[in-house]
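Okay, structure first, notes after.
The values are calculated or read from the model by the stated rules, or taken from the named source; none is laboratory data. Note that the coordinates shown come from a computational prediction; the quantities given were computed from them, not determined experimentally. Virtual Cβ from ideal backbone geometry, glycine too; neighbours counted across all protein chains shown. Remember, those area values only see protein heavy atoms, side chains included, never the ligands or the DNA or RNA. Shrake-Rupley method; radii C 1.70, N 1.55, O 1.52, S 1.80 Å.
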Amino acid sequence: MRRTEIKTVLTADFQSENLDQTVLIKGWVRAFRANRFIQLNDGSCFNNIQIVVDFENFDKAILDRIKYHACLSISGKLVESQGAGQAVEVVADQIEILGENNPDDYHLQPKRMTMEYLREKAHFRMRTNTFSAVFRIRHAIAFAVNKYFNDRGYYYMHTPIITGSDAEGAGEMFHVTNLDMENPPRGEDGKIDYGQDFFGKATNLTVSGQLQGEIAALALGKIYTFGPTFRAENSHTPRHLAEFWMIEPEVAFFDIFDNMDLAEDFTKYLINHILDNYPDDLAFLDQRIKDAEKNLSADKRRPMGLIEMLRFVVDNDYERITYSEAIRILKNSKPYKKGKFEFPVEWGTDLQSEHERYLVEKKFKKPVIVRDYPAKIKAFYMRLNEKDENIPGDTVAAMDVLFPYIGEVIGGSQREERLDLLVNKMNEMDIPEEEMWWYLELRKFGGCPHSGFGLGFERIVQFITGMSNIRDVIAFPRTPGNAEF
């Protein structure tokens, strides 16, 4: 007999055709109550199926070996359930133990465990309700990313993981080399001679596929990248990873306003896809947050429930303001006047999470897109705006998308297509022209206005699942001091 996934067994169509028929299901034990009721889950969906065991029909020695997270193969008759909360159950005829489990040695127990503990046991944590829900949703978001862009005529580009350029100009990169680091070759100046390295130059793991994405966009029109990126930032916050995935569309002939339209439509599409297709996983994660926060004071709870927060995003048009307007709003706010903000609010400084959340949750009560940031706090490739006498400094056509609770989820810009202005900015930031010759030639030969943005994949997964730490939305987190598994 062929195995049927639990997700299929729980559908109305399957039940109508197979009630009182024998089915074969396989999965892991989530619970075994009174030696009579097994809750079995195979990962295909959030819900378990209940197996009814008539212990008189089975050897007690077999039943005694069925423990938490043991793996079973069960055949039996699919019948209408006598209990509440489930339409059908399976009355077991045969039970085969595919994989035993000794609870005395097993790392997981059928009780609440801390996220920190489960990170140390990452090879088992996907078996829990929380992480099975998180990683089903992560898969679904990845699918939705590719479907969104494919259905709109974008081309998926695989940009290099090893690169000789630093897209952000921050210098926090992992070096790639095959030199003998115990005895590397050195030049006359005593410095390591990377000319003898594998690629003939110093190379790094990429922090972004954007610059190479621009090459593709200026030939194919509409492209996106979706791949791993790396940042050697010694940060231990719940918002940072050393290895993460980035989604980066790049579009020829788009200005900053087209870019904002794309960012809003794209993020709403991703969230709606999960709301429409994963209600059980979301309901569980929503209740999990409510249970965890029920004893917290109001100021430490999330501003709204998980599903309510997702609806807050998709049911509202995103407010659009300039950075200068944001600074004026923040300076006129009660938290600012009462000294409640931890970080300063001054034109020329970057907005912090507390400022972003005030704009979203208190002022506008909807997602917000802030554009036209000070040039001095943004990357070299962002397009310089026309000078405004009412603004104290130069601005660039950059934009950030702000969500409730989490703050910034997207950063993007219109790219500087004017060769002379790009060269000037690179010189100001000490970015060698000879290392970026190909990037400059994109402007020199058939350049055009173009725009794009970056969405950290783990950041949007964290928002949609409601997990409080970004390390809990990637299967095997890479952080300072941790490269296990």
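For the reader, a short list of remarks on this structure follows.
- Checking the Cα-Cα distances for Lys191/Lys425; Lys111/Lys290; Lys294/Lys365 against a 19 Å cut-off, the pairs over it are Lys191/Lys425; Lys294/Lys365.
- Two-site label geometry, Ala298 and Asp59: point separation in nm, points 7 Å out along Cα→Cβ: 6.3
- Amide H contacts of Thr229 (H built 1.01 Å from N, under 5 Å, at least 5 apart or other chain): Phe244, Trp245, Met246
- Solvent exposure of the chain as accessible area per residue, Å², 1.4 Å probe: 50
- Taking the inverse of the mean reciprocal distance over all distinct Cα pairs, the Kirkwood hydrodynamic radius of segment 256-353 comes to 16.5 Å.
- Helix 279-293 axis, angle to the chain major axis (alpha carbon atoms, nearest 10°): 80
- Placing unit charges on the Cβ atoms only, positive for Lys and Arg and negative for Asp and Glu, gives the chain a dipole magnitude near 1680 debye about its Cα centre.
- Segment 29-34 - phi-based ³J(HN,Hα) in whole Hz, Karplus 6.51/-1.76/1.60, Gly and Pro as x: 6, 8, 6, 9, 9, 6
- Relative to the longest principal axis of the Cα atoms of the chain, the long axis of helix 210-220 makes an angle of roughly 90 degrees.
- Cα gyration tensor shape of segment 159-234, rounded if a/c is under 1.5, else prolate or oblate by comparing a/b with b/c: prolate
- Ligands, DNA and RNA left out, the accessible area of the chain computed with a 1.4 Å probe is 48% carbon and sulfur.
- Over segment 50-194 - Rg/Rh using Cα atoms and the Kirkwood inverse-distance radius: 1.21
- With only Cα atoms counted, segment 356-478 has Rg and Dmax values of 17.6, 50 Å.
- Crossing angle, helix 419-428 versus the chain [Cα axis fit, 0-90 degrees, rounded to tens]: 80
- Convex hull per residue volume in Å³, alpha carbons only, for the chain: 199
- Ranked by how many other beta carbons lie within 10 Å on average, peptides 173-182, 230-239, 464-473 from highest: 464-473, 230-239, 173-182
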